[in-house]
Structures are given as C-alpha cells and as structure tokens.
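Enquirer: Got a structure here, written out as structure tokens. Questions coming.
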Amino acid sequence: MMNKKMIVVIMICFLSTFGWVQAKPWVSPIEKKYSVQYPALFAKYIKAKDLMNLNRGIHGDLVTVKKLLDEILNERLDFSPAYREYARLYFAAGHIGSLNFKGNTLSNAEAAILEAIRLEPSYADAYVLLGHLYTLKKDYLKAEEALKTAMNMGTRLSWLPLNYAHLLKRQGRIKETLPYYMAVIDSNTENKLAFSTALSETAEYYKNTENYEEADYWYNRLIKFWPSAAHYTEYSEFLLFFEGNVDKSIRIGEKAQTGLKYQYGRLILACAYYTKWSLISDPARKKESVRYTNRAYELFPYLDQIINQLSKHSITNDAALQLYRSRKKFIRKTTGTNS
C-alpha cells in the first residue's frame with residue numbers, strides 16, 4: 001500500500017494535470033447514461049439533486065427530495081444515481097451539528113451508496129461520497145481507498161478534492177489541505193455549494209493557522225459570493241472570537257437574522273451582544289447596556305449555553321465570567337417567572 005505522503009503527491013499532481021474541476025457542472029458518464037435511457041426520471045433526479053445542493057437544513061426541501069427520489073425508485077428500483085442522492089438526503093436529515101449524526105444515519109447512507117455502486121460498479125462519483133462517509137465514520141483507510149478509486153476512475157467532481165481535504169483535516173493534517181481548496185476556487189466551478197465550501201474552508205484554514213488578515217479576506221469573499229445566514233454567522237463568529245471586533249461581529253451577525261431562524265446564528269449574535277454589554281462600565285450608559293442584554297435575550301434566552309460558548313475562547317472569557325456573576329440579574333427572564 002502507498003504511504004500517505006505518496007497519495008497526497010499523486011492527488012496534487014492529478015489536480016494540476018487536469019486543471020482540476022471544470023467550470024461547467026460535472027456530469028458523470030453514469031448519469032449521462034441514465035439521462036438518455038430515462039429522461040423523465042432523470043429530470044426528477046436533477047430537481048432533487050439541485051435542491052440538495054442548495055439546501056441549508058430546510059425541512060420542506062428535504063421532504064420534497066425524498067418524494068422525488070421515492071417516485072424514481074418506485075418506477076425503477078435500479079436507478080443507481082437515486083441511491084447516491086438518497087445517501088446525501090440521509091446526511092442532511094440526520095445531521096445534528098458539528099458533524100454529529102442521529103442514530104443510524106451513517107449506516108443508512110452507507111447502504112444507499114453501496115447499492116448505487118453495486119448497480120454501477122464504475123460510478124466514480126458514488127466513490128467520492130463513500131470516501132466522505134468513511135471519513136465521518138473515522139475509518140480513514142477505507143476513506144482514502146474510496147477517494148483514490150474515484151480519482152483513478154477519472155471523476156472531475158468538485159467534491160473529490162474537498163472530501164480529500166476533509167480527510168486530511170480529520171487526521172490533523174490541516175497544513176496539507178490548502179491546495180485542494182484552491183483547486184476548486186481556481187476552477188470557478190458553477191457548483192455553488194462546492195465553491196462556497198472551498199471559500200469557507202480556506203477562510204477556516206487561515207483562521208486555524210492564525211493568519212487572521214488572510215482569513216478575513218476569505219470570509220468577505222464567502223459572504224459576497226453567497227450571503228446566507230450560515231455564512232454571515234461564520235464571519236461574525238470569527239470577528240468575535242478571533243479578532244475581538246465586537247461591533248463588526250454584531251453588524252455582520254444581524255445580517256443573518258432575516259428569514260428563517262438560524263439557531264446557531266442567534267447564539268453567536270447573543271454572545272456578541274453580551275460581550276458588548278460586558279465592556280460597558282460607565283453608569284451613564286446603563287440604558288445602552290440594557291438594550292444589548294434585551295436584544296441578546298430576545299435572540300437566545302439560554303444563559304448557560306451562552307456562558308459556555310463565551311468561555312471557550314480566551315478573548316471572551318472575561319465576558320463569560322461577568323455574565324456568570326450577573327446571571328441572577330437575568331434569572332427572571334430566563335425562568336419566565338413574574339416575581
């Protein structure tokens with residue numbers, strides 16, 4: 001078996017040789033075959049796939065995806081790409097945060113991907129997803145094998161370098177990941193989710209290597225490319241916990257508070273408001289400080305979670321201590337009592 005360094009070299013050579021991902025969306029030979037053989041079913045498949053590519057945990061969209069895939073499989077039980085997409089649906093529906101999943105999510109996804117491969121053994125894009133699955137299961141040898149298989153089959157799917165970078169990251173090899181993100185960014189791929197993931201991961205790479213100026217640049221590119229609640233929250237979190245720019249963190253975080261309630265975004269913004277409150281010591285600014293705590297409570301009323309989040313970062317640890325010491329002041333609000 002090749003050692004890890006040799007596989008990384010092969011992957012990087014592969015990326016540079018092919019210019020890597022195409023600007024136009026990649027369509028695998030397997031999917032092309034199904035589009036010709038079953039055009040009506042393939043149209044449903046593409047609709048389901050597009051919904052998954054743009055989904056940010058919206059339950060209604062996931063229900064629609066399931067309905068479309070079920071319709072396909074009820075008519076053609078051997079429609080291989082539908083099983084691959086079903087695995088992505090399992091990931092989305094079972095994700096509970098921080099790459100943790102409910103119950104049998106990963107085993108169900110694995111069964112779906114393996115069925116797609118059983119029906120189409122040369123389905124390279126299914127191997128790309130299988131590699132991601134094994135990374136999530138921390139079976140890194142199988143993950144590497146699956147991704148290498150996909151590479152050898154010739155896929156130009158944007159997720160191959162991204163999933164390989166994720167494998168490296170989970171193994172603690174963060175400094176080796178940047179070329180994979182840049183390969184996707186430099187391609188200008190039309191795959192919106194893959195491109196935004198590459199931007200986000202590049203920003204996180206620079207954040208983790210403490211190059212905050214470069215991280216700030218990439219977070220700005222991310223929110224310019226896709227100004228979503230999740231992306232605004234990523235940037236707001238960076239500004240608060242790494243740059244200590246509380247005012248800008250609040251401004252950016254408020255932009256995430258449109259449309260659907262994004263709970264993690266509300267938590268981070270509440271942390272920013274409580275941090276702002278903790279910085280006010282002048283009694284003449286009491287009304288201002290009350291305004292900040294009221295907004296924080298409106299966003300996220302669970303003080304214990306906020307204190308826990310603030311205490312994770314040295315830059316906001318003082319705010320966590322102040323909030324902990326002052327928590328009785330907010331007890332009426334958080335318990336809902338009228339006394």
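Enquirer: Give me the residue from region 187-198 that is out of contact with any Ser or Thr (no Cβ under 6 Å at 6 or more places or on another chain) and at pLDDT 95 or above and, out of that set, farthest from HIS231 (Cα to Cα).
Expert: ALA198
For every residue, the table says whether it meets (1) of a type in the set (Lys, Arg); (2) within 17 Å of SER314 (Cα to Cα).
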| site | (1), (2) |
| --- | --- |
| THR197 | no, no |
| SER200 | no, no |
| ALA203 | no, no |
| GLU214 | no, no |
| ASN245 | no, yes |
| ARG251 | yes, no |
| ALA256 | no, no |
| LEU269 | no, no |
| SER281 | no, no |
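Enquirer: Could you list, in sequence order, all residues of region 316-333 that are surrounded by 14 or more Cβ atoms within 10 Å (Cβ to Cβ), of a type in the set (Val, Ile, Thr) and at pLDDT below 95?
Expert: none
Enquirer: Look at ASN104 and say whether it is more than 20 Å from the chain's Cα centre (by Cα) and more than 23 Å from LEU193 (Cβ to Cβ).
Expert: yes
Enquirer: Next question. On the given criteria, is GLU71 out of contact with any Ser or Thr (no Cβ under 7 Å at 6 or more places or on another chain), in a helix (DSSP H, G or I), crowded, with 20+ Cβ neighbours inside 10 Å and modelled with pLDDT of 95 or more?
Expert: Criteria not met by GLU71.
Enquirer: So, of the residues in region 127-177 that are small (Gly, Ala, Ser) and without any contact (Cβ under 8 Å) to a residue 60 or more places away in the chain, which turns out to be surrounded by the most Cβ atoms within 10 Å (Cβ to Cβ)?
Expert: Looking at residues that are small (Gly, Ala, Ser) and without any contact (Cβ under 8 Å) to a residue 60 or more places away in the chain, I get GLY131.
Enquirer: Looking at TYR217, TYR235, which one is of a type in the set (Ser, Thr, Tyr), more than 18 Å from the chain's Cα centre (by Cα) and not assigned by TED's automatic domain parsing to the domain that holds TRP26?
Expert: TYR217
Enquirer: Moving on to the next point. I need the full set of residues from region 116-133 which are closer than 19 Å to TYR164 by Cα and outside any loop (DSSP other than H, G, I, E, B), in order please.
Expert: Of everything in region 116-133, those that are closer than 19 Å to TYR164 by Cα and outside any loop (DSSP other than H, G, I, E, B) turn out to be ALA124, ASP125, ALA126, TYR127, VAL128, LEU129, LEU130, GLY131, HIS132, LEU133.
Enquirer: Further question on the same structure: Of (1) polar (S, T, N, Q); (2) free of Cβ contacts under 8 Å to residues at least 12 places away in the same chain; (3) closer than 29 Å to TRP226 by Cα, SER107 satisfies all except one. Which?
Expert: Result: SER107 fails condition (3) only.
Enquirer: If you take the residues in region 49-68 that are part of a helix (DSSP H, G or I) and touching a residue at least 40 places away in the same chain (Cβ under 8 Å), which one is nearest to ALA93 (Cα to Cα)?
Expert: Only one residue tops the list, namely MET52.
Enquirer: Could we say that ILE113 is within 24 Å of GLU190 (Cα to Cα) and in a helix (DSSP H, G or I) here?
Expert: So ILE113 does not fit the description; no.
Enquirer: Could you grab the pairs with beta carbons closer than 9 Å, sequence gap of 6+ or different chains, first residue in region 288-303 and more than 13 Å from ALA272 (Cβ to Cβ), second one of a type in the set (A, V, I, L, M) and assigned to a helix (DSSP H, G or I)?
Expert: TYR297/ALA270; TYR297/LEU303; GLU298/ALA270; PRO301/ALA270; TYR302/LEU267; TYR302/ALA270; LEU303/LEU323; LEU303/ILE331
Enquirer: Another question about this same structure. Does SER200 satisfy the criteria of being in the same structural domain as TYR90 (by TED's automatic domain parsing) and among the polar types (S, T, N, Q)?
Expert: no
The values are calculated or read from the model by the stated rules, or taken from the named source; none is laboratory data. Bear in mind that the values here come from a model prediction, so they are computed numbers and not experimental data. Backbone-built Cβ (ideal geometry, glycine too); neighbour counts: all protein chains shown.
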